Every structure is written in structure tokens, then in C-alpha cells.
């Protein structure tokens, strides 16, 4: 689905999984500074949206995911993960309950697989899963230094964006601020082996004081041992190339691959920066390279 906000003057469509919304509206750096200085609204209508209704919805989602949800207050937002039996991250979601339904905002292209899994786990419970992306969309609003994700009717997307009274900023500006804030993204800073501890999702999307759920044994074991095999870092690239490497480009140390690049962006103030996942034991002062460029690491998740 292509956003109506792509009709705005200067809009340049994002690529890959982010296609369908604007990467920017003509001036990416100005849009970053606008978000930082006074706030703005970002079109994220390409994200998947599932709605779970029924009286058993919160206790059911509580039993399936890594988050404590059975007493989720109305209007409160939480992050959660769906893990494999071995504790690997399969889905990341942002949840909000409106008193009648729980809304799940997920990465583009993941809602169909997540809905299929949820449907397979319904059994005799009083829950219903609905794909609402054709009818609803996500707008992310930054105001007074705080982000909030608003779920609006897709038909009212442009009108609602205008009603915020805030300027539009492209997804590229949002991503630059996300990287600066060291917030990982499913599919960019993750692969098929990712466990929550590597990305700092413990406490954010994983609640350690809740009952059994798929993958919990791995979560508990690694938490108690304190030795995940990899860790998230931030990186400052040397800027020798205007074209930044794509996600999952290998990262090398002395000619050996020790991890992979996540998201690399051009930041208006910091220059080329990135998130990456490397082997846990890699020294903090290691001289890393990615696609021929030097990268200075910065610790995000403790070794």
C-alpha cells in the first residue's frame, strides 16, 4: 500500500521493506534537525497492524510473548518479542490496548506470518486476530521530546498528519534518530540467531518476572550466566564513501569476520553512524572495518 503522503511536494519514496512511505521530502538533514528542534510527524503507514479482540486477549498474549501483558493498562504501550523454542527472536511488536482490543504494530512484511502463528495458538480461547493494515495506519509523532505512535484510519492519514500541527519528516530522519538512540530494529540488527540479550531487549521487550513462554529457558539461562555470544554496538564510520553499506554487510577485525552491520545512516550532526552486532569478546578499542571503511566502535550492550 502506497501512502497518500507520497504525493507531497519533494517526496522521495523509501526502498526495500520501507517502500510505500517517504524516505524524505527533499531535505533529509533539515528534516532531522526539525525533529530534534521542535518535533514532527513521520509517516510509518507501511508497518503491519494486527488487532486481537476477545476477553482472553491479554492473558493469551501474555502466555505467548516475552512481555508481562495480562494486566496491561488501557492506553499504555509496551514492546514484546515472540521467540523460537530456542530463544531466537522471530517477531518484535509494539502493543497497545484500548479496553476492547489489543493493537500490535509490527515490522513491514511480518504481519502475515505473525497472524498465522497466533491463529495456530488460539485453541478454545475467546480471541480473534484481524489484519487491520488495509484500514488503519501508523503515524509516529515527536512532540516535547517524546515519541508516540498513533493508529489512525488509513483514509484519514493525510488529514490526521496535518491536524498535529507539526511538520512532516521522512522515514530517513526517524531512522537517523533511532540509530543515534541505539534502538535496534528487527531484520536490520537481527538475524536468525539473535537472542534478546544481544540487543539490550531485556527489560525493554522481555519481562524477567513472568510465567512460562516459548524460548524462556534460553532467556533465563543466558541472563543467569551473563554471557551472550554477541552484542550490539554503535559505530562511527570514517566517511570515505558517500554510499553507506547495507544491513548485514560483514564487519571485519584483522581480516576476520566478527559480526555484521545493522543500520547505517547519515546523521545531520554526527556524520555517518551505524548500529552493528559483533562477537561479545571483541575489544572496545578494536579497529573494525566494514566494506573497506574504518568503523570506531562504541559500547551499547555490555560484554
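Every number in this text was worked out from the coordinates using simple rules, so none of it is lab data. Quick caveat, the model's predicted, so the values are computed rather than measured. So basically every Cβ, Gly included, is an ideal-geometry build from the backbone, and we count neighbours across all protein chains shown.
Observations, loosely collected:
- Computed log10 I(q)/I(0) for the range 48-131 at 0.14 Å⁻¹: -0.40, from the Debye equation with unit scatterers placed on every C-alpha and solvent omitted.
- Highest-MSF residue in the chain out of 23, 14, 80 [GNM, Cα springs under 10 Å]: 14
- Averaged over residues, the count of other Cβ atoms within 10 Å places the peptides 206-213, 234-241 in the sequence 234-241, 206-213, highest first.
- With Rh defined as the Kirkwood radius, the inverse of the mean 1/r over Cα pairs, the Rg/Rh of the range 145-303 is 1.03.
- 14 Å reach of a label modelled at residue 113, 7 Å along Cα-to-Cβ, counting backbone N of the range 78-98: 82-85, 88-93
- Shape call, the range 229-303: gyration tensor on alpha carbons, a/c limit 1.5: prolate
- Available extension along the chain between residue 285 and residue 236 is 16.4 nm, counting 0.36 nm per residue and deducting the alpha carbon span.
- In terms of its C-alpha gyration tensor, the range 1-55 has an oblate overall shape, because the principal axis ratio a/c (a ≥ b ≥ c, square roots of the eigenvalues) is not below 1.5 and a/b does not outweigh b/c.
- Sorted peptide list for 261-273, 115-127, criterion being average Cβ within 10 angstrom, highest first: 261-273, 115-127
- Based on Cα contacts under 8 Å between residues 6+ apart, the range 46-155 shows a relative contact order of 32 percent.
- Take the Cα radius of gyration of the chain and divide it by 2.2 N^0.38 Å, N being the number of residues; the result is 1.02.
- Burial ranking of peptide ranges 254-260, 294-300 (average Cβ count within 10 Å, highest at the top): 294-300, 254-260
- Cα coordinate range in the range 29-90, projected on the principal axes (Å, largest first): 44, 30, 20
- Whether the range 109-231 is rounded, prolate or oblate, judged on the alpha carbon gyration tensor where a/c under 1.5 counts as rounded: oblate
- Computed label-point distance, nm, for sites residue 59 and residue 163 using a 7 Å Cα→Cβ extension: 3.6
- Point-to-point label distance, residue 144-residue 299, nm (Cα→Cβ direction, 7 Å offset): 3.6
- In this rough spin-label picture, where each label sits 7 Å from Cα along the Cβ direction, the residue 7-residue 223 distance is 4.9 nm.
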